[in-house]
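The values are calculated or read from the model by the stated rules, or taken from the named source; none is laboratory data. These numbers were taken from a predicted model, which means no experiment stands behind them. Every residue, glycine among them, receives a Cβ derived from its backbone with ideal geometry; neighbour counts consider all protein chains shown. The area values use the complete protein model at the heavy-atom level, side chains included, leaving out ligands, DNA and RNA. Shrake-Rupley method; radii C 1.70, N 1.55, O 1.52, S 1.80 Å.
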Amino acid sequence: MFRWRKQVTAPSVPAPSGADPVEFLVHLDRRYRRPLTSYFEKRIREAYDIDDLVQEVFIRLAHRPNFDNIEYLEGYVFQVAANVIRDRVRRRAVRHAGEHDPLENCELPTNDFSPERVLQGRQLLDRALGSLLELPARTRHVFVLRLYEGMKQEEIAASLQISVESVRFHLRRAKEHMARGLEK
């Protein structure tokens, strides 16, 4: 997470009574960071959002043109904090955040899809396809019916008009050949 002090490069916020705007924001940070953190802790369930919300308050303060007409600075700072919470609630409502499943419950694989990993997968697939095409036609047909069509050995035997023992032979032969081909 970044700090707003590091982002403010040029004095863009005139501070009251001619003070340096950056120094004034640093003063606000020292004075209000802990109270704002406490304020958000009491109102927000998600502890991981608290630092971001405090940061948002200081960003909004940094974008304010001046502070000269503010009579009660502390009240203003906490009113900005209340507005940040309101905006957060509105955003969550618009995005239907409550209806989303947390990423921890996601059943999708979170594997690394780096270019190297994709290349390795393609090479493995090419070897598997090459091994499959090297099989004799009858053996390949039995293997595809069993593995990809999900047919039982008895169904394959009846479909191809061969014995169940022949189906087992072709499956064993195909598996051995595919394993050798993938080891290359």
Check: Rounded to a whole number of µm²/s, how large is the Stokes-Einstein D of segment 21-130 at 10 °C and 1.306 mPa s, given Rh as the Kirkwood radius over C-alpha pairs?
Finding: 89 µm²/s
Note to self: If R₀ is 22 angstrom, what is the calculated FRET efficiency for the pair Gln120 and His141, using the beta carbon separation as r and rounding to 0.05?
What the structure shows: 0.15
Next item on the list: Bin width 5 Å, alpha-carbon pairs only: give the P(r) of segment 47-92 as whole percents, running from 0 to the bin holding the largest distance.
Entry: 5, 20, 29, 25, 12, 6, 3
Check: Gain in length, Asp101 to Gln79, computed as 0.36 nm per residue apart minus the alpha-carbon separation, to one decimal in nm?
Finding: 4.7 nm
Notebook entry, point to check: When the accessible area of segment 133-177 is split by element with a 1.4 Å probe, what percent falls to carbon and sulfur?
Noted result: 50 percent
Checklist line | Förster radius 25 Å - calculated FRET efficiency between Glu176 and Lys152, Cβ distance, rounded to 0.05 | finding: 0.75
Notebook entry, point to check: Cα-based Rg of segment 53-184 per 2.2 N^0.38 Å, rounded to two decimals?
Noted result: 2.26
Notebook entry, point to check: What nm value, rounded to one decimal, do you get for the distance between Arg33 and Glu71 when each label is placed 7 Å out toward the C-beta?
Noted result: 3.2 nm
Check: Can you give me the relative contact order of segment 84-184 as a percent, contacts being Cα pairs under 8 Å and 6 or more apart?
Finding: 28 percent
